[in-house]
Amino acid sequence: MNLHNEQFGRYFNEFKVGEIYKHSVTKTITESDNNLFCLLTMNHHPVHLDKEYAANKTHGEILVVGSYIFSLVVGMSVKDISGKAIANLNYDKIIHDKPVFIGDTLIAETEILEIRESEKKPDRGIVYVETKAYNQKNEKVLTFRRHILIPKNNA
């Protein structure tokens, strides 16, 4: 895929309240993904890394670390939502709706909740969105909201 020939992100004035972007990027979670993220972030909780330990806990298998799922889903939305962003201003209401397991395939969508002009700089605005991720069974596994500072297209 050549991203230089495709739209990557949107300008502030291209967003409309109520629009839903179904992100085309999907990801099947591998054991290596989970292990590497745990190592990089120094999260060595055995429920994320030890099959025998996890087998005797609530879900009976390794749980994929939630901060990886959050980071992954943010990344899955970049091409459609924040590819032209100046900054992600905040993240809020992060909810892990259901656990994610090794072998799950995630898809995501983002709804535009609010758009408003910047009070300080007229060449940009703030877009408030809600992103949801689902597994291959169409079970919602993650929900979060964020405010994104995005430039206007004044061309």
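Shown here: region 10-151, whose C-alpha atoms stretch 56, 30, 21 Å along the first, second and third principal axes, sorted largest to smallest.
Between GLU114 and LYS140, the FRET efficiency from the beta-carbon distance, with R0 = 30 Å, is close to 0.90.
Which links in LYS79/LYS120; LYS84/LYS152; LYS22/LYS120; LYS79/LYS132 stretch past 21 Å when you go from one Cα to the other?
LYS79/LYS120; LYS22/LYS120
Multiply the residue separation of ASN35 and TYR53 by 0.36 nm, subtract the distance between their alpha-carbon atoms, and state the gained length in nm to one decimal. It would help to have the intermediate numbers written out before the result.
Values: separation 18, 0.36 × 18 = 6.48 nm, distance 1.50 nm.
Residue separation times 0.36 nm, minus the Cα-Cα distance, leaves 5.0 nm.
Fully extending the segment from VAL25 to LYS121 would add 31.3 nm, taking 0.36 nm per residue of separation and subtracting the current Cα-Cα distance.
Our note on the geometry: Cα centres of region 88-124 and region 23-85, 17 Å apart. The slack between GLU14 and ASN153, meaning 0.36 nm per residue of separation minus the straight C-alpha distance, is 49.2 nm.
Helix 31-41 axis versus longest C-alpha principal axis of the chain: approximately 70°, rounded to the nearest ten.
Bear in mind these aren't lab numbers, they're just calculated from the coordinates by the rules spelled out. Computed from a predicted structure; not experimentally measured. A quick note on method: Cβ atoms are made from the backbone with ideal geometry, for glycine too, and the neighbour counts reach across all protein chains shown.
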